[in-house]
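The values are calculated or read from the model by the stated rules, or taken from the named source; none is laboratory data. Only a predicted model underlies this, so the values are computations on that prediction, with no experimental measurement involved. When we count neighbours, we look across all protein chains shown, and the Cβ atoms used for this are built from the backbone with ideal geometry, even at glycine. With ligands, DNA and RNA removed, areas are computed over all heavy atoms of the protein, side chains included. Shrake-Rupley method; radii C 1.70, N 1.55, O 1.52, S 1.80 Å.
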Protein chains: 2
Amino acid sequence: MAGVTDRAGAAFSRPMFESLVKRRFFFAESFEIYRLSPNFTGDNRGLFDYGPPGSALQANIVNEWRNHFIIEENMMELDCTAITPEAVLKTSGHVDKFADWMCKDPAKGEYLRADHLIESVLESRLAKHRNPGADGQKAKPSTLSDAVAAEYEEILAKIDNYDGPELGELINRHDIRNPDGNGEVLPPAPFNLMFKSTIGPSAAAPIYLRPETAQGQFLNFRKLLDYAQGSMAFASASIGKSYRNEISPRSGLLRVREFLMAEIEHFVDPKTSKKHDRFSEVSSIELPFLDRETQLSGKTTLKPLSIGEAVQTGLVDNETLGYFLGRIYLFLVKIGVDEKKLRFRQHLANEMAHYACDCWDAELLTSYGWIECVGCADRSAYDLTVHSKQTGTALVVKEPLPEPIEIEEWQATLSKKLVGPRFKKDTKKVETAVASLDQQALESLANELAEKGFISVSSEPLVDGSTTVELSKDIISITKLKRVERTREYTPNVIEPSFGIGRILYSLLEHVYWHRPQDTARGVLSLPALVAPTKVLIVPLSTHPSLQPAVKKLASRLRALRISSNVDASSSSIGKRYARNDELGTPLGITIDFDTVKDGSITLRERDSMAQVRSSEEDIVQAVRSIIDGSETWEAVAQRLPLFTGQSQGE
Amino acid sequence: MAGVTDRAGAAFSRPMFESLVKRRFFFAESFEIYRLSPNFTGDNRGLFDYGPPGSALQANIVNEWRNHFIIEENMMELDCTAITPEAVLKTSGHVDKFADWMCKDPAKGEYLRADHLIESVLESRLAKHRNPGADGQKAKPSTLSDAVAAEYEEILAKIDNYDGPELGELINRHDIRNPDGNGEVLPPAPFNLMFKSTIGPSAAAPIYLRPETAQGQFLNFRKLLDYAQGSMAFASASIGKSYRNEISPRSGLLRVREFLMAEIEHFVDPKTSKKHDRFSEVSSIELPFLDRETQLSGKTTLKPLSIGEAVQTGLVDNETLGYFLGRIYLFLVKIGVDEKKLRFRQHLANEMAHYACDCWDAELLTSYGWIECVGCADRSAYDLTVHSKQTGTALVVKEPLPEPIEIEEWQATLSKKLVGPRFKKDTKKVETAVASLDQQALESLANELAEKGFISVSSEPLVDGSTTVELSKDIISITKLKRVERTREYTPNVIEPSFGIGRILYSLLEHVYWHRPQDTARGVLSLPALVAPTKVLIVPLSTHPSLQPAVKKLASRLRALRISSNVDASSSSIGKRYARNDELGTPLGITIDFDTVKDGSITLRERDSMAQVRSSEEDIVQAVRSIIDGSETWEAVAQRLPLFTGQSQGE
């Protein structure tokens, strides 16, 4: 994507940015020394390690996430396993449906993700069409007509909306081939994205690594409801690694096979989800929306609207969903995301996960284009319903009705005396089969039973392998009963805000990266103090031993305050040492010089403005604390403490 | 294990303890509703989910670990992937050696871990011998002679020291059978404990889930050394999930298949590891040691010794290892471990992991016996050496020598002009093969080359499948050369403290669990404020609306201070509400009553003593802060603020 600019208005240079984050070990490809060795035949693509500043930044983002969501809203945190028995993901639909479409290039033996193949080929044809000489070769006139170019644009705008056969048709119609070797590809086939293994010594029990943290939260629903003392609405939250076996990972941290997620499952009474207690706190926030209709018309024009208006006009379905969109926005901006590079995009119908009935993504603009960083899906009652049905466990909320109501319904009763002896080991399955019959089925079976004297009911496979059970009049009765209901029972709906921490971290790093006009070789990361890996750099003016005691004292004082600091006592110039730490995003710097030894005064430097103030250690430490805990801005500190412009501190 | 007592001196009741931790959702088995459903054929053993208080406790332990080790010692944190290509774990030895011995019972189709089978059978025979009527059946005279009983005791004391064939011999000699059905078992066979899968769409690239976080740290060694600006010693640290496919998990959280680890890799110059800069800070701490010799003599007597003496007498090999044992001790005691239930046990020779040359475990006493919770291993230069050799990447430290030294050594030179054209695609492998020859090999090959005019060198498989290369005089020369060396090059040794967070958390919960003499039905968890899931319980005396504003104001004030609190505004009695939170380990409670509305005063209650003080909100919040940050004890607060004994606050 051309045209992304940094905060200083200069063109964003991805090579320079990447050089910084790799050189300073924010992150790096995993197993690099193996990948570079001659005999390696494995695959390390889509796997990344975070180095010291990356780990600290990630820990700080997660910590703030915990504060902003879990603590602030009293959510119930869970830590569930990534290893998941196959049965669970079979029920949830992931075994059958969690797949991408892939094309094999038989000539190269390569596998390509179908939608990415189409995107890259059409984008490169369009690029040539717009700017024929750009690839450095002799300019050839574009072979695309304007009409075809417009068609390509439209395909790209709704690329997420095509299913496998449709992608195959596009590949045929537009003669799309593997850019690597120009080979024709086979028709798209589904590829399940979960990593599979087996558990236990017999190797008979298949498991998958979870593709999301959500399932563990759904399965613990009853325990959570207990913990909440039965009162709705409530939310659980999990922070943990998930795994997706991407077909051909690319774009660095943006498409990886192992990643940290933070997910919230907000369980709500479907009757009251239209309202949210704290909606008024966010309703006036204006968000840049990109709705479904705009996308289907092949456009990407944003519609800025307050959350209140968005819910009122039905663009956003309900207050609960609107509330979370607002909270997501506040979180992202707080950790340093550039709000001019943020939009909320509604999913297209075919793009949604199999469990979702509506979904809005928070997308961040990067040099790779707009990237989905947070998904906010309405999963309705899908997951609780399917797990409940599969396990025979009621995953429902019961609450007293204001007035008791009389209900008339069909009920099947099995003869306790006969059912055990007759069905032996199958008894439980027969009971489950009968219990799962709905009102409509019971009504017609009641007639059948009266007519024929027996009925057939389908069941899980029995000992003899059959999947139907014959039940005669002596063992089953089906009658219409009246009963008074005093409690209401319902399956909650679930709103799920789901955060990809690695994508947020990467996009944030792009957003805060820039370089000073006078020093294009070195970048600056303007990370907010809240999430910066190290808060304070301590630099002694020289390596003279007389400065050491003051350095040690200050470092230990900051450590006691749990403010992370770093001492650079190397012999490089002060300016160079500060520049090195600007690259790490360290927001504050303290210089210890010979005057410190005399009068105890020290200087405090702010990263972005490079301005400095000088005062007593007491004053400076106090200022550092208040800047870091957010109670004071640098501007306020610079107003009240004396500015310092001593030459020794210059860049 | 009989005889474990709680902190009040009463016998520890595991059923009551387990009932508390499950009821209050500290943790629970994963996928329980599936395991309980009739059709489930999967395996969820050894998988556990942490509920809200367990997740918070775990997060607090991890946070303190980060402070105590990473921040305090300026370690470099890394976050590496769990997915690991096979090649890496092949090199590290895990593919071939990371296995337990397992016996199949063909009658039952069950798999049993061989050492656990022997332990449980011998222990139950010994129990009958000691106390013949204990199993509730009619007392039969024990059939064991005292000599056999003594032999059993000795086997049990060194059970970790037997290899597979030895375990097989013990099973035969003592006729050990599967307690479930009394079937004979097949001889022990090794079972690799790693979960295996494949990555990418072709399914051609095998991967494992990491069994430890260490490998990622070793593979990043060069980047870490760069980040440390080349200066030794330094340490990296990782906190993350690891995976072991245990044969038959038991003992709840103590033997699981997915677990959180915190591991430090301390890289040190082998020449200077005998010394550690900060050793004096821990040298006077006395630790309870259980050394190798004592165990081999069949005993478990502890040897209390200061760390200084332990290093001086050679019991602990060096200061670096001793320093970490001291730091581990301080950490465990700080988070609330009972120091009377803590020992440091040296590994037996056969028990050590394949990479270790010495290892001490911090073990905690629980109702399951002594449990390894922290391992502190000396991995020497094992891992860096094998990865370096396998990948051809130098994983070494280079440092300037004080004086240059002259070195005479054999050197092989390949003719650049000839080697490429002759070996084509094999060139890189031939170069690697020659480069890996050591001095001894070069000396004898030099003679051979002079005699025969050609030599054979073994190599990785070449294009034609052969594993030797013939090199003639024209293409290779081997000569003795003098050179002056100005830098020293060495592979660091690694000391590895490795923490099993789940085992620590479980043992800690057992250590802090007790119940008040007057209320045996409800337990108390005396967790230190530092790690307690919630710090403050806020209880309005009644549900009267006039108390609500003070509750809200206090809750939001604590939230702003990032002190986690919980409001219990239910209609239960104050005493019951406090008792419920004693079960969660909440150390402090604040009551809002009708006097609060009048004069703003509130009461503060301490969990263990149940004593209360009363003062202004300002005073109480200040006291809460200082108790939580550790700057003041409850006893000091109770001295300076007025005690409160109002009846409405009683239990």
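Ranked from shortest, the separations from the 7 Å Cα-to-Cβ label point of B:Gly630 to its equivalents in the other copies are 2.6 nm. Remark: relative contact order (the stretch A:402-486) = 48 percent; criterion is Cα-Cα distance under 8 angstrom and separation of 6 or more residues.
Cα-based radius of gyration for the stretch B:102-192, normalised by 2.2 N^0.38 Å, reads 1.12.
Where chain B is carried onto chain A by rotation, the Cβ closest to that axis, with its residue and distance in Å, is B:Ser197, 2. Interface size, chains B and A: roughly 7400 Å² of accessible area buried, both sides included, 1.4 Å probe, rounded to the nearest 100.
With only the Cα atoms considered, the stretch A:28-116 has a convex hull volume of 206 Å³ per residue. Among B:Val185, A:Val494, the order of accessible area from largest down is B:Val185, A:Val494, computed with a 1.4 Å probe on protein heavy atoms. Do the alpha carbons of any pairs in A:Lys158/A:Lys389; B:Lys416/B:Lys480; B:Lys223/B:Lys389 sit beyond 28 Å of each other, and which pairs? Where the Cα-Cα span goes over 28 Å, the pairs concerned are A:Lys158/A:Lys389. Length gained on full extension, A:Ala149 to A:Asn182: 9.8 nm, using 0.36 nm per residue less the C-alpha separation.
Taking every C-alpha pair closer than 8 Å and separated by at least 6 residues, the mean separation divided by the residue count of chain A gives a relative contact order of 13 percent.
Projected label points at A:Arg522 and A:Arg173, each 7 Å from Cα along the beta carbon direction, are separated by 5.5 nanometres.
Using protein chains only (no ligands, no nucleic acids) and a 1.4 Å probe, work out which residues of the stretch A:1-35 have their accessible area cut by at least 40 Å² relative to the chain alone. Buried by the other chains: A:Phe25, A:Phe31, A:Ile33, A:Tyr34.
Backbone amide hydrogens, once placed in the peptide plane, bring A:Arg488 within less than 5 Å of A:Glu399, A:Leu401, excluding anything fewer than 5 places away on its chain. Stretched out straight at 0.36 nm per residue, the stretch from A:Arg580 to A:Lys598 would grow longer than its current Cα-Cα span by 3.6 nm. Of interest is the spacing of the C-alpha centroids, which for the stretch B:509-566 and the stretch B:1-78 amounts to 20 Å.
Solvent exposure of B:Leu296, expressed as accessible area, is near 80 Å², computed with a probe of 1.4 Å over the protein chains only.
Peptide A:69-82 shows a mean partner chain C-beta count of 6 within 10 Å per residue C-beta. Average 1/r across all pairs of distinct alpha carbons in the stretch A:534-649, invert it, and you get the Kirkwood radius: 13.9 Å. For the stretch B:466-579, the spread of Cα positions along the three principal axes, ordered from largest to smallest, is 100, 36, 35 Å.
Surface composition of the stretch B:400-487: carbon plus sulfur atoms contribute 52% of the solvent-accessible area (1.4 Å probe, protein chains only, all chains present).
For trypsin sites (Lys or Arg not before Pro), the sites in the stretch A:427-483 that DSSP calls loop and that have at most 16 other Cβ atoms within 10 Å are A:Lys473. Report the calculated FRET efficiency for A:Asn131 and B:Tyr490 (r = Cβ-Cβ distance, R0 = 45 Å), to the nearest 0.05. Efficiency at R0 = 45 Å is approximately 0.25.
For the stretch B:400-487, the fraction of C-alpha pairs farther apart than 16 angstrom is 57 percent. On the protein heavy atoms, probe 1.4 angstrom, tell me the percent of accessible surface of the stretch B:102-192 carried by carbon and sulfur. Looking at the stretch B:102-192 in its full context, I get 49 percent from C and S. Distances between copies of B:Gln411, taken at a point 7 Å out from Cα along the Cα→Cβ vector and listed shortest first: 9.5 nm.
Taking only the Cα atoms of the stretch A:245-317, the ratio Rg/Rh comes out at 1.09, with Rh defined as the Kirkwood radius. From most to least packed by mean Cβ count within 10 Å, the peptides A:597-610, B:111-124, A:576-589 give A:576-589, B:111-124, A:597-610. What the phi angles of the stretch B:178-185 give under the Karplus curve with 6.51, -1.76 and 1.60, with θ = phi - 60°, is a coupling list of 4, x, 8, x, 6, x, 6, 10 Hz, glycine and proline written as x. About its Cα centre, the stretch A:101-189 has a charge dipole of approximately 440 debye under the convention of +1 per Lys or Arg Cβ and -1 per Asp or Glu Cβ, with nothing else charged. Annotation for A:Ala569 and B:Lys303: the two label points, set 7 Å from Cα along the Cα-Cβ direction, are 3.8 nm apart. For the protein assembly as shown, DSSP calls about 90 percent of its internal beta bridges antiparallel. I'd like the FRET efficiency for B:Arg250 and B:Leu36, computed as 1/(1 + (r/R0)^6) with the beta carbon distance as r and R0 of 22 Å, rounded to 0.05. The computed FRET efficiency comes out at 0.70.
Taken as Cα centroids, the stretch B:389-425 and the stretch A:265-317 sit 64 Å apart, rounded to the nearest whole angstrom.
Given a 1.4 Å probe and the protein chains as shown, A:Asp146 ends up with an accessible area of around 120 Å².
Taking Cα centre as origin and charging only the Cβ of basic (Lys, Arg, +1) and acidic (Asp, Glu, -1) residues, the dipole magnitude of the stretch B:330-466 rounds to 680 debye.
Kindly provide the helix-only [θ] at 222 nm of chain A, computed as the sum of -39,500 (n - 2.57) over DSSP H runs of four or more divided by all residues, to the nearest 500 deg cm²/dmol? Here the helix-only value at 222 nm equals -9500 deg cm²/dmol.
Charges on Cβ only, +1 for Lys and Arg, -1 for Asp and Glu, centred on the Cα centroid of chain B; of B:Pro179, B:Leu384, B:Ser458, which one is farthest towards the dipole's positive end? Checked the options; the winner is B:Pro179.
Taking all C-alpha pairs of the protein assembly as shown, those more than 54 Å from each other amount to 30 percent. Evaluated at q = 0.10, 0.13, 0.15 Å⁻¹, the base-10 log of the normalised Debye intensity for the stretch A:313-444, with identical point scatterers placed on the Cα atoms, takes the values -0.61, -0.80, -0.91. Pairs of Cα atoms nearer than 8 Å and 6+ residues apart set the relative contact order; for the stretch B:534-649 it is 25 percent.
About the centre of its Cα atoms, the stretch B:457-596 shows a dipole size close to 660 debye [charges on the beta carbon of Lys, Arg (+1) and Asp, Glu (-1) only; nearest 20 debye].
Near B:Val567, the amide H atoms lying under 5 Å from its own belong to B:Ile538; only residues 5 or more places off or on other chains count, and H is placed 1.01 Å from N.
Sorted from shortest to longest, the distances between the B:Ile71 label points of this copy and the other copies are 1.2 nm, with each point 7 Å from Cα along the line through the beta carbon. On full extension, the segment bounded by A:Glu123 and A:Asp438 gains 108.2 nm, given 0.36 nm per residue less the C-alpha separation. Shielding by partners for peptide B:51-59, expressed as the average number of C-beta atoms from other protein chains within 10 Å of each residue's C-beta, is 6. Taking A:Arg222, B:Arg66 and ordering them by how much accessible surface each has at a 1.4 Å probe, largest first, produces A:Arg222, B:Arg66. Its Cα gyration tensor gives chain A an equivalent ellipsoid. The semi-axes, each the square root of 5 times an eigenvalue, are 54, 34, 24 Å from largest down. Neighbouring Cβ atoms from other chains, within 10 Å of the Cβ of residues in B:387-397, number 3 on average. The HN-Hα couplings worked out from phi for the stretch A:589-597 by the Karplus form 6.51 cos²θ - 1.76 cosθ + 1.60 (θ = phi - 60°) are x, 10, 9, 9, 10, 5, 5, 4, 4 Hz, whole numbers, x standing for Gly and Pro.
Rolling a 1.4 Å probe across the protein heavy atoms gives the protein assembly as shown an accessible surface of 44 Å² per residue. The modelled label-to-label distance between B:Ala636 and A:Gln411, using points 7 Å beyond Cα along the C-beta direction, is 6.6 nm.
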